[in-house]
Structure formats: structure tokens, C-alpha cells
1. Do you know which residues across the range 319-339 are surrounded by fewer than 18 Cβ atoms within 10 Å (Cβ to Cβ) and either closer than 25 Å to residue 194 by Cβ or in contact with a strand residue (DSSP E or B) (Cβ under 6 Å, 6 or more places away or on another chain) (or both)?
2. Can you spot a residue in the range 389-402 that is surrounded by 19 or more Cβ atoms within 10 Å (Cβ to Cβ), within 16 Å of the ligand (Cβ to nearest atom), of a type in the set (A, V, I, L, M) and more than 30 Å from residue 104 (Cβ to Cβ)?
3. For the range 327-364, enumerate the residues that are hydrophobic (A, V, I, L, M, F, W, C), within 14 Å of the ligand (Cβ to nearest atom) and either in contact with a helix residue (DSSP H, G or I) (Cβ under 6 Å, 6 or more places away or on another chain) or at pLDDT 95 or above (or both).
4. For residues in the range 118-158 being touching a Gly at 6+ places or on another chain (Cβ under 6 Å) and assigned to a loop (DSSP other than H, G, I, E, B), which is nearest to residue 1 (Cα to Cα)?
5. Name the helices (runs of 4 or more DSSP H) wholly inside the range 188-280 in which the number of residues that are within 16 Å of the ligand (Cβ to nearest atom) is 3 or more.
6. Of the residues 71, 118, 126, only one is within 30 Å of residue 150 (Cβ to Cβ), of a type outside the set (D, E, K, R), touching a Lys or Arg at 6+ places or on another chain (Cβ under 9 Å) and surrounded by 17 or more Cβ atoms within 10 Å (Cβ to Cβ); which?
7. All but one of (1) in contact with a Phe, Trp or Tyr (Cβ under 6 Å, 6 or more places away or on another chain); (2) among the polar types (S, T, N, Q); (3) surrounded by fewer than 19 Cβ atoms within 10 Å (Cβ to Cβ) hold for residue 242; which doesn't?
8. Can you report the number of residues in the range 30-49 which are assigned to a strand (DSSP E or B) and of a type in the set (Gly, Ala, Ser)?
Amino acid sequence: MAILVINCGSSSVKFAVFEQGSAEALVTGIVDQIGSANVGGSYKLNDGTKQKITCQVGADHTAVLAAILDALKADEALQNVAITAVGHRVVHGGEKFAEPVLIDADVLAGIRELSSLAPLHNPANADGIEAASTLFPGVPQVAVFDTAFHQTIPPHVFRYAVPDALYHEHNVRRYGFHGTSHDYVSAETIRKYDLDPVRAKVLVAHLGNGCSATAVVGGRSCDTTMGITPLEGLMMGTRSGNVDPNLHSYLAENTGMSLDEITEMLNKKSGFAGLSGISNDLRELAVAYEEGHGGARLAVEVFCFRLARELAGLTVSLDGVPDAIAFTGGIGENSKLVREKTVRYLKFLGCELDVARNEVNGGDSNGVISVEGSKGPLIAVVATNEELAIAEATAEVAQPEGN
Ligand code: ADP
């Protein structure tokens, strides 16, 4: 019994296979550059061996998934693996999907209908579902939505102060993203540190290429920084995060940029990349920061200040000082610089960073980075694992207990 997890992007397919009940993936892999002449990829087995996946030029999502399956089927190490369910990451579930669901024709149509809210993602997710349904006839397919965890956010938090009709007629509201990660990491934080599962107040900072923070009370999301799209909120690798909503009209009038060009600039040329002028990757910026590069220093300072400000703002939704703050994602798990600078801004909440613990408790060794016995929030690095969370949700929906 094995679960295949699929994450279809517009030009890539990421995948993982989990033996049911196991937290370690048997295989993880990616095929990217779909639509280009260089389409292809590789996968890695849990013993570390890496294999290539070859695809025909012009391969679409169905052909790519077929190539992935052929490669896995031909691998001697995987001969005993039988896929019994497929879990799909779907970016936008709108207000229609508040939890993982078994996919049927109505669900698939619902995912396609939500494409206006996530034009780059939902069509690719739906293509992946169709392809997997063809390749695995009769095998249950489950959709796990990035937005679903945030459906518990109350209206006074999710509504924007714009004319009411825009919500009712055009679905304009905050949805939030990275829900699978916020759900998994908040639950892990509560479990690992023995917090009260019903009352625990947890802030999760998911800091990867995209970044968002969420306030979680008793395992339920009650506020988050991303909005109707994943541009709102924190500064990110190439995304600006919050800017004055009039920036579009100001730039259109003063620079002659088109609406599309401004949107592209805010999504792809801003954040770390835009402010530093060097890179969207914090690994490179951290080196430049130490060397005293002005752009790198500014980018890191703005990122940490804004993150701290958003985390502080989210405490209003927690209705109190957090019991725990969890850092996760590539940056949250690996950057002691970002964690240190951010936590220093939050002293007024009682946050006390243990510098020595912060040095060692990132990367592969997750752990507490606040001072032992601190009266303030417990602060920890908690690794996310979205693929595992999707596999677990898929197993639960595909084979509910007792069936
Ligand atoms: P994604 O959102 O694509 O899943 P990740 O969670 O893998 O992204 O995060 C990617 C980011 O993590 C990179 O852009 C990089 O800035 C950052 N990162 C990864 N490793 C390190 C490290 N050792 N030090 C600082 N930043 C890191």
C-alpha cells in the first residue's frame, strides 16, 4: 500500500511516494521545463541513489506523468510498490473546499472553476489530476488544498474593506496559502513540545521562496498574511509582499509600465531579488551580507523587520502572547541570521533568543532556540514536510478508518 503525491506546476511535476504509515518517502523527484526542449528530470530513492527521467520533447503533463511512472516501474528497488491512492496538491480551493476531498467529476470541475483565483496553478493541478486518473484507473485520487486550512478564519479577519459586492460577486477576500505546511508545522509544534492541543497559541513563519505567517489557536488557523493571491503579506524571494495598493496606478502614470508589467515586477523582480540587486536566494545574500554589501544588508533588514511586524500583528488574532513561535521552510529552517534578527524585534512579547541554540538548532537538527526556562514564548525550528502531510491526508480520505 503506497501513496503517490503529485504537485503539478505550470512547467513542472514534483512527486513523492510514501509507504502508508511511514514518514520517510521511498522516492522523491521532479520533472521540470515542461513545454521546453529541455523537459526532463530525476528522482532519488531513500538510499540516496539518483536516477534520470527522460521525457520526449513536447511532452505535456500526461506524457510527463507517464514517463515518471515508466521510470519508477522499471526500477528494481520499487518492484513491490503498489500505488493504492494518489494525493494531489491543489493551490486554490476557494470557499468551496475546506478540507481534503476525494476527487470526482464535480470536484475536478470545481478546481477548474477556481482557475480565475489561481490562473498559474489550478489549471496545471487539474491537468495533473486528469492525467493521473487516466494512468491509475480505479485508484482513489484525493485533492489537498493550500487554502483549506485557512477556511476557519473569521469574516472580520478575511474580509477586505472594499465594496461588499466584490466579495459576493467576485470572491474578493483573504484566502491564505501554504495551509498544508501551517497545519503540519503547528500540529508538530504542539505535539513535540507538549502544548495544550485545544488552547495552544502558535505563530508559524513559513519562509521558503514564498513566505507567509499564520496565527493558529488550538490547531485552527485564525489569521494569515497572504491574501486573495500569494503576493500579500511578507516580503519574499522575488515578491514584494505588502505595498501601497495605489502603487499600480502611480507606476502606470509615472513610468508607462503596463498593468501586466507592474504585476510581473511585483511578483518576479521584487523582494530579496529587487532590493538587493544580487539574488533571490538568501544563501547568496547571507554571504554578501557578511561582506558588507549594501543591497544585501538592506534586503535582510527589511525582510526581518517586516516579518517581525506581521508576527506581532498576528498576536491580535491569537488574543494574547503566543505559547510558541515556529520557524519553517528553507529560510526558517536554515537561516540563523533571519531568526536572530526577527526574534530580537519581538522582545516586547517576552521572546528571548538563545544565541548558542540558534547556531546549532537549524538545518537537519530541529529544536528550540529560545532560552531554557524562558517565561516568554517557546521559539523553535520545526521542519515542514508538505509531501508527507498530503500523503497522510490522502490515506485518511481514501481509506477512512473502519472501512
Ligand atoms: P520552496 O518555497 O520553493 O519550497 P524552500 O522552502 O526550499 O522553497 O526555500 C527556498 C529558500 O530557502 C531559498 O531561496 C533560500 O533562500 C533559502 N535557503 C535554503 N537553504 C538555506 C541556507 N542554508 N541558508 C539560508 N537560506 C537558505
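1. Of everything in the range 319-339, those that are surrounded by fewer than 18 Cβ atoms within 10 Å (Cβ to Cβ) and either closer than 25 Å to residue 194 by Cβ or in contact with a strand residue (DSSP E or B) (Cβ under 6 Å, 6 or more places away or on another chain) (or both) turn out to be 319, 320, 321.
2. Step one: filter the range 389-402 for residues surrounded by 19 or more Cβ atoms within 10 Å (Cβ to Cβ), giving 389-395, 397-398.
The next check asks that each one be within 16 Å of the ligand (Cβ to nearest atom); those that pass are 389-390.
Among the residues that remain, those that are also of a type in the set (A, V, I, L, M) are: 389-390.
If we keep only those that are more than 30 Å from residue 104 (Cβ to Cβ) too, we end up with none.
No, the range 389-402 has no match at all.
3. Step one: filter the range 327-364 for residues hydrophobic (A, V, I, L, M, F, W, C), giving 327, 331, 337-338, 343, 346, 348-349, 351, 353, 355-356, 360.
Cutting the leftovers down to within 14 Å of the ligand (Cβ to nearest atom) gives us 327, 331, 337-338, 360.
Once the filter is applied, which keeps residues that are hydrophobic (A, V, I, L, M, F, W, C), within 14 Å of the ligand (Cβ to nearest atom) and either in contact with a helix residue (DSSP H, G or I) (Cβ under 6 Å, 6 or more places away or on another chain) or at pLDDT 95 or above (or both), the range 327-364 yields 327, 331, 337, 338.
4. The qualifying residue nearest to residue 1 (Cα to Cα) is 146.
5. Values: elements: 247-255, 259-268, 271-276.
Result: 271-276.
6. Details: 71 fails: within 30 Å of residue 150 (Cβ to Cβ); 118 fails: touching a Lys or Arg at 6+ places or on another chain (Cβ under 9 Å).
Just a single option satisfies the conditions, and that option is 126.
7. Checking residue 242 against (1) in contact with a Phe, Trp or Tyr (Cβ under 6 Å, 6 or more places away or on another chain); (2) among the polar types (S, T, N, Q); (3) surrounded by fewer than 19 Cβ atoms within 10 Å (Cβ to Cβ), the one that fails is (1).
8. So in the range 30-49, the residues assigned to a strand (DSSP E or B) come out as 30-32, 40-45.
If we keep only those that are of a type in the set (Gly, Ala, Ser) too, we end up with 40-42.
Result for the range 30-49: 3.
The values are calculated or read from the model by the stated rules, or taken from the named source; none is laboratory data. Bear in mind that the values here come from a model prediction, so they are computed numbers and not experimental data. Positions of Cβ are backbone-derived with ideal geometry, glycine not excepted, and every protein chain shown enters the neighbour counts.
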